[in-house]
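First comes the structure, then the notes that go with it.
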Amino acid sequence: MMLGMAKASQEEDEESLAQRVLRIFGKEALRPGQEKIIRFAVEGKSALGILPTGHGKSLCYQAAAVMREGMSVVVSPLLALMREQVNHLRRLGIIAHRYDSSLEATERGKLLAEIAGGGVKLLYVAPESLENEALLKSLRSQAVVLSLFVVDEAHCLSQWGHSFRPDYLKLPTWLRQHPFACTLAFTATATPRVRADLQRAFHIPDGRVVSISPYRRNIQRLVRCTSDPLADLLLFLREEDHRHLPAIIYTRTRKNAEELTATLTAAGLDALCYHAGLSQDAREKIQDDFLANRRSILVATIAFGMGIDKPDVRSVVHVNLPSSPESYLQESGRAGRDGLPCTSLLYLSGGDRTLARNRLYAAEPDFEGILRCARMLLPAEPDVVSFWELSTQCDVSEDVPQRLLDTLCRMRAVRIICQGYKFYKARPLLSASTIMNGRCAKEKKRLEWLFEHREGEVAQAASDWRCTYPQALEQLRECEASGEWGLQLRQRALCIAPGKGNADAREVAAGLRSAYEERLRLDLEKLSCLEDILCSHACLNDSMERYLTGKGLPAPCGHCSACLGQAITLPESSNEPLPSFEETDLPHFDRPSQRARFLIGFCSPALLFRRLYSHPLFGIAGRTEWKMLCGENTDAKQSKAD
Ligand SMILES: [Zn+2]
């Protein structure tokens, strides 16, 4: 053998590392790239893993965390996934926990003590929980050795990513204050721009980016443009030996999903419908039926699929255009996890091109909504605000109040007094006389009040008890801790107060609005990119690879629409005229954009709250151009301009 000693011992060492991982986690082999990432982390070097969905990123950080001394923290926005992983790790005998808002007070106290005692190996947290004072205190405990900091779904940090989350932006700053040994960041897809952002944010050199090509040769990618997609879809699903089943069919809206399920069922197919509007129980039942192959077709909105692992899905069908190349790849990638041949089929139409753009416009908060929200976040005296309430009242997504508050706090125009809840519900567990026994007059008065007002707003309790909101919250928690009362707190809220700085609501709103405009521009660009890829005469897999990694495939795939000579021409956007209806039949809206959202069938927070999705005119104009729906291009306006 020509191997030198050093090389030989290194190889032995590598073998033992891999073997140890396989033994602890009960696996047979590691996938490409996994060992490299684990090794970086074990050596205390930060790394970025760009691993396609299903490639086993969690094994990388779990293994590294187990092999290192101390506690590792995993930041993930996916609550369901966290729960599943924690259970899995515990079955392996690894001490793992998750910290989030759903924990009961007693559970939380116990967990914080366990963390502070240094007994936890892996802790899963949602990004917003990293600001929780009690959690931070336990992390700072002497007994805690901070090992790995793991950022799951790391693309959320980049403006260029496909699901930007402002709370991810705070992670690098947070990390500077909490010295972990190293950082592991993971994402399934990262275009060159996203990758650069992540490397910069977490100080990861080029040599420590482990990237696995997203190309999956077992997926045949087909794109079709036909006048009767439904007839075509029925043929596809019924093809010889049902070789395309089990199938997942993605639609854009709940209504589409319900209608298509009904049509398929009427045609004698075995279809189930899944969307976020169903109850938790119903969704679990549907998932179980599909996972166990009791039903062969699942018609779903994109709410389905996060963290679901069904290896034998034989086809994924998009009846509507996905919003970006990344989402197309992620959704279609749920086919053929077992490595066996499968199909991704996508239908493209001119009407759908308009609809896809409309939905991007609709998702963008308008200036009036942002301004209203900014004003509500600048109270003259301490106030309790809930993001849900702000979002519903101002009809903007919940990240608007979140981002406004970040800005206002930075300007010192607002300060956060404490985090809490909007509503309480108290239930006496003992008789009134037992609870009242031996109390001073002041306490008695307060408890009598609580017996009379068992449900309500925490702020009301504070006002009637003549104390501050944090004090009222504390009192309620003490009632629970005494074991005399059962307590439920609901709707997360913040107690805020005016700060020393000044802020002009209009200016702040305008600043945020332009950030959203920039995002919209990027989203529209991505959508066009996807359309170009889907309709190109060059290999579809090669184009996707180029878009996602900056490098193409060594050779065309040979089995996509383009390689088979079946590439389609991009259809013209339909931009249909506004259907006729009586204006008086429409619900009342304060702002033109709200009316437009209703007409295209977009569920904004206020629309959802008013349950307008069941209105007969909801979504009647999905294929009419957004500008026309907002009245920006109407005859009346034009004649004014003349
Ligand atoms: Zn190809």
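The values are calculated or read from the model by the stated rules, or taken from the named source; none is laboratory data. Keep in mind it's a predicted model, so treat the numbers as computed, not measured. Using ideal geometry, Cβ is built from the backbone for each residue, glycine included, and neighbour counts are taken over all protein chains shown. These area figures cover heavy atoms from the full protein model, side chains too; ligands, DNA and RNA do not enter into them. Shrake-Rupley method; radii C 1.70, N 1.55, O 1.52, S 1.80 Å.
Could you pull out every one of the lysines with an alpha carbon less than 26 Å from that of Lys627, ignoring same-chain neighbours closer than 8 positions? The reachable lysines, counting only those whose Cα sits under 26 Å from Lys627, are Lys255, Lys526, Lys637, Lys640. Annotation: amide H of Ala538 has no partner in the under-5 Å range at sequence separation 5 or more or interchain, hydrogens built in the peptide plane.
If you wrap segment 489-567 in the convex hull of its Cα atoms and look at it from every side, the mean projected area works out to 10.6 nm². Just the protein heavy atoms count here, and of the accessible area of segment 339-396 at 1.4 Å, carbon and sulfur take up 56 percent. Please compute the per residue accessible area over segment 424-542 with all protein chains in place, 1.4 Å probe, rounded to a whole number of Å². So segment 424-542 comes to 55 Å² accessible per residue, rounded to a whole number. Of the residues Pro311, Thr183, Ala538, the one whose Cα sits farthest toward the positive end of the charge dipole of the chain, with +1 on the Cβ of Lys and Arg and -1 on the Cβ of Asp and Glu, is Thr183.
Tell me, what is the per residue accessible area of segment 8-211 in Å², probe radius 1.4 Å? It amounts to 44 Å² per residue over segment 8-211. Taking every DSSP bridge with both residues inside the chain, close to 30 percent are antiparallel.
Just the Cα atoms of segment 573-641, one point each, no solvent: what log10 I(q)/I(0) does Debye give at q = 0.25, 0.27 Å⁻¹? Rounded to two decimals, the profile gives -1.19, -1.32. Loop-resident trypsin sites (Lys or Arg not before Pro) (DSSP state other than H, G, I, E or B) in segment 570-633 with no more than 16 further Cβ atoms inside 10 Å of their Cβ: Arg610, Arg611.
Our analysis of the chain gives Rg over Rh at 0.99, with the two radii drawn from alpha carbon positions and Rh computed by the Kirkwood formula.
For Lys500, which lysines qualify as cross-link partners when the Cα separation must be under 29 Å and same-chain residues fewer than eight apart are set aside? Those lysines meeting the cut-off are Lys137, Lys170, Lys422. For segment 519-529, 3J(HN,Hα) computed residue by residue from phi via the Karplus equation (6.51, -1.76, 1.60; θ = phi - 60°) reads 4, 4, 4, 5, 5, 5, 4, 5, 4, 4, 4 Hz, glycine and proline entered as x. Magnitude of the charge dipole for the chain, about its Cα centre and with charges confined to Cβ atoms of Lys, Arg (+1) and Asp, Glu (-1), is about 1380 debye.
Modelled this way, with points 7 Å down the Cα-to-C-beta line, the labels at Glu525 and Cys440 are 6.4 nm from one another.
Scalar couplings 3J(HN,Hα) for segment 16-28, obtained by applying the Karplus form with A = 6.51, B = -1.76, C = 1.60 to θ = phi - 60°, are 5, 4, 4, 5, 4, 4, 4, 5, 4, 9, x, 9, 9 Hz; x denotes Gly and Pro. Placing unit charges on the Cβ atoms of the charged side chains and taking the dipole of the chain about its Cα centre, the candidate lying farthest along the positive direction among Ile297, Ala606, Phe236 is Ala606.
Taking the protein heavy atoms of segment 562-624 in the context of the full set of protein chains, the accessible area attributed to carbon and sulfur is 52 percent at 1.4 Å.
Around the amide H of Ile417, modelled in the peptide plane, lie the amide H atoms of Cys495, Ile496, Ala497, all under 5 Å away and 5 or more residues distant in sequence or on another chain. The residue among Ala105, Thr392, His453 whose Cα reaches farthest toward the positive pole of the charge dipole of the chain, with charges on the beta-carbon of Lys, Arg, Asp and Glu, is Ala105. Relative to the Cα centre, the charge distribution of segment 215-290, modelled as +1 at Lys and Arg Cβ and -1 at Asp and Glu Cβ, gives a dipole magnitude of about 460 debye. The residues of segment 573-641 expose on average 59 square angstrom of accessible surface per residue, using a 1.4 Å probe on protein heavy atoms. Within segment 169-242, what whole-number % of the accessible surface is contributed by carbon and sulfur, with the 1.4 Å probe and all protein chains included in the calculation? Heavy-atom surface of segment 169-242 belonging to carbon and sulfur, 1.4 Å probe: 52 percent.
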